[in-house]
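Working notes, structure below.
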Amino acid sequence: MRISIFGMGYVGAVSGACLARRGHHVVGVDLSPTKVDLINAGKSPIVEEGMAELMQEVTSSGRFSAGADAESAVRDTDVSFVSVGTPSASNGSLSLRAVEGVSRDIGRALKGKKGRHVVVYRSTILPGTTEDLVIPILEAESGRKLGDDLEVCFNPEFLREGSSIRDFYDPPFTVVGTGAADAPPEMREIYEGIDADFVVCPIRVAESVKYLCNMYHAVKVSFANEAGSLLADVGVDAREVMEIFCKDEQLNISTAYLRPGFAFGGSCLPKDMRAFLHLAKTRDVVLPMLEHVLPGNEVHIDRALRMVTDLGVRRIAMFGLAFKGGTDDLRESAMVALAERMIGKGFDLRIYDAHVNTARLTGANKEFIEKEIPHIDRLLQSDVAATLEGAEAIVIANASRDVIGAIQAAAPALPIVDLQGADALAGIPGASYRGICW
């Protein structure tokens, strides 16, 4: 294919060279004469393992060249990638000056070009930027409308400096965000032969994936460093601990817990977090990220309370009280905390949890619930129908499939606040539905 790439930094230069090696004809566009001259001389504009040899190979073959003329680059290619920088502004916001400028250049070039063209954004931009900012610029400058020989995608990159060439050929996945039902055929052709899942999704989802990946990487680094700081202070080599930690691919290094939903609770996580933080205080070791985990969990409970309060009703049917489904463990349950706050706000609350029977509660579980909600017996109901009687709204925390089916049948028009992710409830005709993270 004929491809133009705007921006010859790490992402643009590496992507261009790798695409050229795969047989595509690539022209790089950059305002820096130095970068343009280096590429045309067969030299890499960046310092990166393997790039010197790769750049020499693809430029000598005639498949990779560079220039500064946006109009000819767009005219002579079928697809334009945008890989310009998006640095932080002084207030922490994202500077989109280069993205806006390149979008105008591409739009103006398209005005004088006949035929179809695909514009693919690779620059890291916040969710909504493609649809709210760059597509309107492209349409205004080109005189075309999206779908009128103009296709726009967001295709995030996952290239790490130091291993970017390897990462290009072996990515975790290929994500193409589009407003259409499927990715443009040009995108499938460009990535044909790359052994990775080809994921097609809405543009805003693709923009978000890139940010979540980077934030999660930052969180992992901070977690390892903060844990290591305290462990070292008590004479433990955190490298050895982390080596064992990473052997757990069921929970630690896995998809476990990475599902948006309600706050965590139970007998382990809150207690162990407090104990670890208390140890840090006794050793005068500051753990700023970990210190904010429990307060952040409390904020999530308050977010659920606001969602219920915003409904403007008082009689609430709540389904689920234990800290997770399939258990009767009420210790430090986020649902108990939410129920307690709702009672404090004057809500008339009825609760159903098939696994919770106060007559069977013993030990620490019984002590906890007697302390937090001493009159829970009058709140707990024996079945779904009794819970829904007189209710003006429903809160779902953990409910089995049969309970959800009963709710659908008995209360199809009641407002629903979903903390669980019960997809079946989102589709009830006429119901007001709100999910806590969706």
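The values are calculated or read from the model by the stated rules, or taken from the named source; none is laboratory data. Worth saying up front: this structure is predicted, and the values here are computed from it rather than measured. Reconstructed Cβ throughout: ideal geometry from the backbone, glycine too, with neighbour counts over all protein chains shown. Areas reflect the complete protein model, heavy atoms only, side chains present, ligands, DNA and RNA absent. Shrake-Rupley method; radii C 1.70, N 1.55, O 1.52, S 1.80 Å.
Report, ordered by chain and residue number, the aspartates and glutamates lying within cross-link reach of Lys371, taken as a straight Cα distance under 12 Å and ignoring same-chain residues fewer than 8 apart. The reachable aspartates and glutamates, counting only those whose Cα sits under 12 Å from Lys371, are Glu332, Glu340. Looking at the chain alone, DSSP beta bridges between its own residues are antiparallel in about 5 percent of cases. The residues neighbouring Asp348, those whose beta-carbon lies less than 12 Å from its own, together hold a net charge of +3 under the Lys/Arg +1, Asp/Glu -1 convention.
Among residues other than Gly12 with Cβ under 11 Å from its Cβ, the summed charge is 0 (Lys and Arg +1, Asp and Glu -1).
Surface composition of the chain: carbon and sulfur atoms hold 52% of the protein heavy-atom accessible area at a 1.4 Å probe. Over all other residues within a Cβ to Cβ distance under 14 Å of Phe276, the charged ones net out to 0, with Lys and Arg as +1 and Asp and Glu as -1.
Probing with 1.4 Å while keeping every protein chain in the model, the per residue accessible area of the chain equals 50 Å².
Of Ser142, Ser90, Ser222, the residue with the greatest mean-square motion in the GNM of the chain, using alpha carbon springs below 10 Å, is Ser90.
Labels on offer are (i) 1.24; (ii) 1.19; (iii) 0.96, and the one holding Cα Rg over 2.2 N^0.38 Å computed from this structure is (i). A straight line joining the Cα centroids of region 406-438 and region 280-324 runs 22 Å.
When the square roots of the Cα gyration tensor eigenvalues are ordered a ≥ b ≥ c, the ratio a/c for region 1-118 is 1.5 or more and a/b does not exceed b/c, which makes its shape oblate.
Rounded, prolate or oblate for region 167-323? Axes are the square roots of the Cα gyration tensor eigenvalues, ordered a ≥ b ≥ c, and the cut-off for rounded is a/c under 1.5. Taking the square roots of the gyration eigenvalues as a ≥ b ≥ c, region 167-323 is oblate.
The largest accessible area among Glu186, Glu340 belongs to the first residue in Glu340, Glu186, and the rest follow in falling order (1.4 Å probe, all chains).
In order along region 112-126, the Karplus-derived 3J(HN,Hα) couplings, from 6.51 cos²θ - 1.76 cosθ + 1.60 at θ = phi - 60°, round to x, 10, 9, x, 6, 8, 10, 10, 10, 8, 10, 4, 6, 9, 5 Hz, and Gly and Pro are given as x.
Just from its helices, what would the mean residue ellipticity at 222 nm be for the chain, if runs of 4 or more DSSP H residues each count -39500 (n - 2.57) and the sum is divided by every residue, rounded to the nearest 500 deg cm²/dmol?
Mean residue ellipticity at 222 nm (helix-derived): -12500 deg cm²/dmol.
Considering only Tyr257, Tyr216, Tyr352, the Gaussian network model of the chain with Cα springs below 10 Å gives its largest mean-square fluctuation to Tyr257. Greater than 18 Å separation of Cα atoms is the criterion. Which listed pairs, Lys220/Lys247; Lys114/Lys145; Lys210/Lys247, meet it? Going by Cα-Cα distance, Lys210/Lys247 fall outside the 18 Å limit. Between the C-alpha center of region 230-277 and that of region 1-71 there is a gap of 44 Å. Between amide H atoms placed 1.01 Å from N, distances below 5 Å from Gly28 occur with Ile5, Ser65, Ala66, Gly67, all of them 5 or more places distant or on a separate chain.
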